[in-house]
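**Student:** Structure below; questions to follow.
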Amino acid sequence: MSELENALIVHVFGETDFASITYPKSAFRGESQISGTPQAEIITKTIGALLGHDSWSSLREKRSPAGASYEEALSESLKVLVDGSDDVDFALKNDYNIVMLGLFRGVDTESETGEEEKVFALHGLGVSRTSSVDEEVHAGLARDGVIAAAPLFRQHIATGALSRSGIVAEILADLDAPETAEDSEGEEPLPNMVAFHDTVTEKGLETVILCACDADRAAAASDPDLPLVVGLVTAIVPTPFGPVGYWVWQIAPDQPYGFVQEQFIDPTDLPDAGYDRLKASGELRFLLVDRTTRLSVRSAQLDAKALGLEAFETGAIAAARLSDEDDFAEACAWVMDNYDAVDFLDHTGR
């Protein structure tokens, strides 16, 4: 049984730091939500300060005057703050195992003594499923939640509910950065490739599989009367430069236009927020794109579990930990020099 099988992670994404607390699901009793009460205001301000001054890494193991570690105090306070909340209830009822929250700076106020007082506000960043206990992965999911809710957060900044110099403003500024000459070169035809691609849909941020192919294949595949069958064979290939994930996609193998396409995965990039979204999607979308026009011509729904994504991730992480070498570019070049995708499929009997 996975260590997260009966657990709920609450991740708090602050101004400078973040933290994930893992609770047994039974810890949440559906008690009355304290949102809007003086108690919630005190807890929000305290947690905001803990994760808002770039000091959490040194604070978390220290003991408070009451004798508990700051991490233990955060865990207890956070549970009181979110128990009975809509996001926690929704996650528990629908078998999600992580709730993401943002504790972001509002517009600072002046206290009665004339000193500047920092104001923090709690924002829900969504729920998801994850197989990772890595806080960095959870932070990636939370950041994606900010991006998915960008219009709402822009409104909060415009009305003064959020600071114009806080972390949310920084994330949105990166999204709004003007296109550079280097970016404009992206209008060149895409290479023949398969890649993970993040897109915002009515479900929030979704990671899809994007396969770019030549125009003639794209035109043939666009015929709705022809079935689009997609298969995947994965392996972890040891090389002199470290392990590399080798994925061979079979696109429409039963059609005249059918082809195979390689994809390379860096094991050291796992666990990863985008990969977690792929695993959690149930059915994930495979988009076939004309590489010259960049337009999607066809899509297929793939069973995420049938693709073996979780087993591949487990093996890839283990391989990366056992290897002393880590040169992904050289490892990919070695595989391309020593492997042929069609021969690989024949060898595996696919």
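**Student:** Can you say what percent of the DSSP beta bridges in the chain, counting only those with both residues inside, are antiparallel? Round to 5.
**Tutor:** If I count the DSSP bridges inside the chain, around 85 percent turn out antiparallel.
**Student:** Normalise the Debye intensity by I(0) for the range 186-348, one equal point scatterer per Cα, no solvent, then take log10 at q = 0.19, 0.20 Å⁻¹ and round to two decimals.
**Tutor:** Normalising to I(0) and taking log10 leaves -1.34, -1.44.
**Student:** Any chance you could tell me what percent of the C-alpha pair distances in the chain go past 37 Å?
**Tutor:** Here the tail beyond 37 Å accounts for 30 percent of pairs.
**Student:** Still on this model: Working only with C-alpha atoms, what are the Rg and Dmax values of the range 7-175, expressed in angstrom?
**Tutor:** Calculated on Cα positions, Rg and Dmax stand at 15.7, 48 Å.
**Student:** Test of understanding: what is the full-extension gain from Asp327 to Gln255, defined as 0.36 nm times their sequence separation minus their Cα-Cα distance?
**Tutor:** Between Asp327 and Gln255, full extension yields an extra 22.2 nm.
**Student:** Applying the Karplus parametrisation 6.51 cos²θ - 1.76 cosθ + 1.60 with θ = phi - 60° to the phi angles of the range 266-283, what ³J(HN,Hα) value in whole Hz is obtained for each residue in order, glycine and proline being reported as x?
**Tutor:** The phi angles translate into 7, x, 6, 7, 9, x, 8, 5, x, 5, 4, 5, 4, 5, 7, 6, x, 10 Hz.
**Student:** Still on this model: What FRET efficiency do you get for Leu4 and Asn338 if R0 is 41 Å and r is their Cβ-Cβ distance, rounded to the nearest 0.05?
**Tutor:** Using R0 = 41 Å, I get an efficiency of 0.65.
**Student:** Same structure, new question: What are the ³J(HN,Hα) couplings of the range 230-241, residue after residue, when phi is run through the Karplus curve with 6.51, -1.76, 1.60 and θ = phi - 60°? Round to Hz, x for glycine and proline.
**Tutor:** Ordered by residue, 3J(HN,Hα) equals 10, x, 9, 10, 10, 8, 10, 9, x, 9, x, 10 Hz.
**Student:** A further question follows. Give me the one-decimal nm value for the distance between modelled label points at Asp89 and Val133, 7 Å along each residue's Cα-to-Cβ direction.
**Tutor:** Here the answer is 3.1 nm between the modelled labels.
**Student:** Can you compute the charge dipole magnitude of the range 7-175 about its Cα centre, using +1 on each Lys and Arg Cβ and -1 on each Asp and Glu Cβ, nothing else charged? Give it in debye, rounded to the nearest 20.
**Tutor:** Using Cβ point charges on Lys, Arg, Asp and Glu, the range 7-175 gives about 380 debye.
**Student:** Would you please give the residues with an amide H less than 5 Å from that of Gly126, counting only those at least 5 places away or on a separate chain, with H modeled from the backbone geometry?
**Tutor:** The answer is Met100.
**Student:** Moving on. Label-point separation (nm) for His53 and Phe196, each offset 7 Å from Cα along Cα-to-Cβ?
**Tutor:** 3.6
**Student:** On to the next question. For the chain, compute the number of Lys pairs whose alpha carbons are separated by less than 22 Å, excluding pairs fewer than 8 positions apart on the same chain.
**Tutor:** 14
No lab work stands behind these numbers, since they all come straight from the coordinates. Note that the structure is predicted; figures quoted are calculated from it, not measured. Virtual Cβ from ideal backbone geometry, glycine too; neighbours counted across all protein chains shown.
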